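Q: Got a structure for you, questions after.
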Amino acid sequence: MTKLTNSPAWLALAAHRAEAGDAHMRDLFAADPARFERFSLRAADLFLDYSKNRIDRSSLELLTALARERGLEAARAAMFAGRRINTTEDRAVLHVALRNRGDAAIEVDGHDVMPAVREVLDRIGNFADKVRSGEWTGYTGEPITDIVNIGIGGSDLGPVMVCQALAACGHPRLTMHFVSNIDGDHLAGVLARVRPERTLFIIASKTFTTIETMTNAASARAWFLAGGAKDADVARHFAAVSTNAERVAAFGIDLANMFGFWDWVGGRYSLWSAVGLPIALHVGRDNFNALLDGAHTMDRHFVEAPLEENMPVILGLLGVWYRGFFGAASISVAPYAQALARLPAYLQQLEMESNGKSVTRDGQPVDTPTCPVIWGEPGTNGQHAFFQLLHQGTDLIPVDFIAPLAASHGLPDHHRLLLANCIAQSKALMVGKTADEVCAELAAGGLSGEALEALMPHRVFPGNRPSNTLLLPDLSPRSLGALIALYEHKVFVQSVIWGINAFDQWGVELGKQIATRIAGELAGGARGEHDASTAGLIAAVRAAR
Ligand code: F6P
């Protein structure tokens, strides 16, 4: 394939960018009364307003032309058809099969994966029903009151984000806990709050080799047995979620309590699989199914809608536009919903572990920047922390505002103020405040002369800072499922344009390998060959022990 920057569509976009220069969105809105209708759309219950972006009609035409030129439609078809598009690991990429709610078969190497998907889903539902109803008890006969999920990365971030987002429909008897960090404070803090005879541990690890998870799991089991339980009681208190039955058995978990998934489910795309077990336990089988339904609706939209009206495609292309032509090195995610507090962290893994790559699928260096840094906090908190930089800092940082229209609490005034702030921020970023407006405002406040001149530059907002606003009807499982699937497909779209493999993560391996060697040295093993900094730090830690 031609280098991205040499491709006709990319060159056309570069010319278009040069021509548009610093055209201000204020003027674009003034010139086009239909701009909001033109640049907004609905899909799978979600509403996207992307009119506050630095685009006009031809920008969108050129961006979709780029998508076609880069083979997005064929790449999308290949993913949904179960082709081995994760070439460096020789795997299919089929998280969409996990929420395939229709009757259609989805095949990998001629084998329909759907019967196995449905079987595991059914087992998850049955298990969740039993724990939630109290039929599943701990070894003393008491019902389970606390679920502790032990996992990290994709085996943690999805479930923790969704459980927090859907807390309003959580089971009243069950308290969810998530332990990910190898820092003993994390596990110890949770263990201090639970009782062994009422606690169910879920050990979630695709590989069942991840050092953090295995260390936490071993400590959790030791704590459980130290509380008076016998080895035979482990079966009532430990479940496993993994693709690796051999290692689950070796760890001592009854395979009857193992919920499997497959190598074609990437860790960061796995919350729809057995990795979602804590979600099903928390919100129940029906709500878990509704989450899958919402995602499936977005999948259908992604497959069926023309590129020009395709929400994940538009989000992905806008990201490529800012990264490639405006030098935007980061984007901020601002959920105006406290319940979505972990969404930025979830999206960090989804986007940055997927598209944080610098070689193309055929191993050549990329010729444009790829994934930006993703960061954010819920609104309105972020407004009182980093929004200053978004409004008046030196970088252009596109923002995704995300807000549910209906709240699950009974405090309507709060929700009105929350949404008012969300809309106000996107407006302020877009319109800014000119020097003339600032002068008029200061003069009206009684300031003039040198005092006015001195203050004026500090009070000017450049504006023209882009944002998307995504409105959800509510924070229901269905809307949330659609929202997560939207971002998954956005990431895919970008990977196709950039020509990279979004589904491997070799970049996390080197640090893991070195950590294993250093852990041996910290335990008193022979010293390895190191640079002076690393050797000095190891010596400092050894000296402190
Ligand atoms: O950080 C690398 C990674 O492999 C992630 O991709 C994955 O989600 C996480 O570790 C956890 O892996 P596992 O589920 O195999 O424990």
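The values are calculated or read from the model by the stated rules, or taken from the named source; none is laboratory data. Treat the numbers as computed from the prediction; the structure is a model and nothing was measured. Backbone-built Cβ (ideal geometry, glycine too); neighbour counts: all protein chains shown. When the accessible area is computed, the model is the full protein with side chains, heavy atoms only, and any ligands, DNA or RNA have been set aside. Shrake-Rupley method; radii C 1.70, N 1.55, O 1.52, S 1.80 Å.
Q: Which helices (runs of 4 or more DSSP H) sit wholly inside the stretch 38-110 and have at least 1 residues that are touching an Asp or Glu at 6+ places or on another chain (Cβ under 9 Å) and more than 15 Å from residue 318 (Cβ to Cβ)?
A: Here the list reads 72-80, 95-98.
Q: Right, another one. Looking for whichever is within 27 Å of the chain's Cα centre (by Cα), under 30 Å from residue 371 (Cβ atoms) and of a type in the set (A, V, I, L, M) here; the options are 385, 407, 420. Which one fits? Explain how you work it out, then say what you get.
A: Details: 407 fails: under 30 Å from residue 371 (Cβ atoms); 420 fails: under 30 Å from residue 371 (Cβ atoms).
When all the criteria are applied, what remains is 385.
Q: Separate question: Just the residues that are within 18 Å of residue 465 (Cβ to Cβ) and either within 12 Å of the chain's Cα centre (by Cα) or of a type in the set (Lys, Arg) (or both), please, taken from the stretch 330-346.
A: If the condition is that a residue be within 18 Å of residue 465 (Cβ to Cβ) and either within 12 Å of the chain's Cα centre (by Cα) or of a type in the set (Lys, Arg) (or both), then 333 is the only one that fits.
Q: Quick one: would you say residue 189 is more than 12 Å from the ligand (Cβ to nearest atom) and in contact (Cβ under 8 Å) with a residue 24 or more places away in the chain?
A: no
For every residue, the table says whether it meets (1) within 16 Å of the ligand (Cβ to nearest atom); (2) over 24 Å from residue 497 (Cβ atoms); (3) modelled with pLDDT of 95 or more.
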position: 244; (1), (2), (3): yes, yes, yes
position: 252; (1), (2), (3): no, yes, no
position: 271; (1), (2), (3): yes, yes, yes
position: 299; (1), (2), (3): no, no, yes
position: 305; (1), (2), (3): no, no, yes
position: 312; (1), (2), (3): no, no, yes
position: 316; (1), (2), (3): no, no, yes
position: 327; (1), (2), (3): no, no, yes
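Q: Quick one: in the stretch 329-374, which of the residues that are within 16 Å of the ligand (Cβ to nearest atom) and among the charged types (D, E, K, R) is nearest to residue 154 (Cα to Cα)?
A: Applying the first criterion (within 16 Å of the ligand (Cβ to nearest atom)) to the stretch 329-374 yields 342, 345-357, 371, 374.
Filter once more, so that each one left must be among the charged types (D, E, K, R): 342, 351, 353, 357.
Working: 342: 13, 351: 12, 353: 10, 357: 18 Å.
My answer is 353.
Q: Which of the residues spanning the stretch 141-160 are near the ligand (Cβ under 9 Å from one of its atoms) and within 22 Å of residue 233 (Cα to Cα)?
A: Listed by number, the list holds a single entry, 151.
One line per residue, one yes/no per condition, for (1) touching a residue at least 24 places away in the same chain (Cβ under 8 Å); (2) under 23 Å from the mean Cα position of the chain (by Cα); (3) farther than 20 Å from residue 341 by Cβ:
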residue	(1), (2), (3)
390	yes, yes, no
425	yes, yes, no
432	yes, no, yes
441	no, no, yes
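Q: Same structure, new question: Could you list, ordered by first residue, the pairs with Cβ atoms under 7 Å in which the first is in the stretch 212-223 and on the phi < 0 side of the Ramachandran plot and near the ligand (Cβ under 10 Å from one of its atoms) and the second is among the hydrophobic types (A, V, I, L, M, F, W, C) and not in a helix (DSSP H, G or I), at least 6 apart or interchain?
A: Final answer for the pair search is 212/152; 212/182; 213/150; 213/152; 213/203.
Q: OK, next. Can you pull out every residue in the stretch 427-443 that is small (Gly, Ala, Ser) and surrounded by 14 or more Cβ atoms within 10 Å (Cβ to Cβ)? Steps first, please.
A: Restricting attention to the stretch 427-443, the residues satisfying the condition of being small (Gly, Ala, Ser) are 428, 432, 435, 440, 443.
Passing the criteria: 428, 432.
Q: Among residues belonging to the stretch 393-426 that are open to solvent by 30 Å² or more (accessible area, probe 1.4 Å) and acidic (Asp, Glu), point out the one that is nearest to residue 329 (Cα to Cα).
A: 395
Q: Find all pairs meeting these conditions: Cβ atoms under 6 angstrom apart; at least six residues apart or on different chains; first residue within the stretch 392-419 and at pLDDT below 95; second residue of a type outside the set (D, E, K, R) and surrounded by 13 or more Cβ atoms within 10 Å (Cβ to Cβ).
A: Sorted first by the residue in the stretch 392-419, then by its partner, the pairs are 408/168.
Q: Could you tell me whether the stretch 507-523 includes any residue that is over 25 Å from residue 67 (Cβ atoms) and crowded, with 16+ Cβ neighbours inside 10 Å?
A: The answer is yes; a qualifying residue exists.
Q: Could you run through the stretch 444-464 and say how many residues are aliphatic (A, V, I, L, M), out of contact with any Asp or Glu (no Cβ under 9 Å at 6 or more places or on another chain) and either open to solvent by 70 Å² or more (accessible area, probe 1.4 Å) or closer than 27 Å to residue 22 by Cβ (or both)?
A: 5
Q: Pairs needed: first member in the stretch 256-280, among the basic types (Lys, Arg); second member anywhere, within 13 Å of the ligand (Cβ to nearest atom); C-beta distance under 8 Å; at least 6 residues apart or different chains.
A: 268/153; 268/154; 268/157; 268/158; 268/349; 268/350; 268/353; 268/354
Q: With the requirement that a residue be in a loop (DSSP other than H, G, I, E, B) and open to solvent by less than 10 Å² (accessible area, probe 1.4 Å), what does the stretch 292-310 give you?
A: 310, the sole residue that qualifies.
Q: How many residues, within the stretch 13-67, are among the basic types (Lys, Arg) and closer than 27 Å to residue 499 by Cβ?
A: Counting residues in the stretch 13-67 that are among the basic types (Lys, Arg) and closer than 27 Å to residue 499 by Cβ gives 3.
Q: Same structure again: State yes or no: is residue 174 within 20 Å of residue 256 (Cβ to Cβ), away from the ligand (no atom under 16 Å from the Cβ) and touching a helix residue (DSSP H, G or I) at 6+ places or on another chain (Cβ under 9 Å)? Reasoning before the result, please.
A: Working: within 20 Å of residue 256 (Cβ to Cβ): no; away from the ligand (no atom under 16 Å from the Cβ): yes; touching a helix residue (DSSP H, G or I) at 6+ places or on another chain (Cβ under 9 Å): yes.
When the stated conditions are applied, residue 174 does not pass them.
Q: Identify the single condition in (1) away from the ligand (no atom under 13 Å from the Cβ); (2) out of contact with any helix residue (DSSP H, G or I) (no Cβ under 6 Å at 6 or more places or on another chain); (3) not charged (D, E, K, R) that residue 163 does not satisfy, given that it satisfies every other one.
A: (2)
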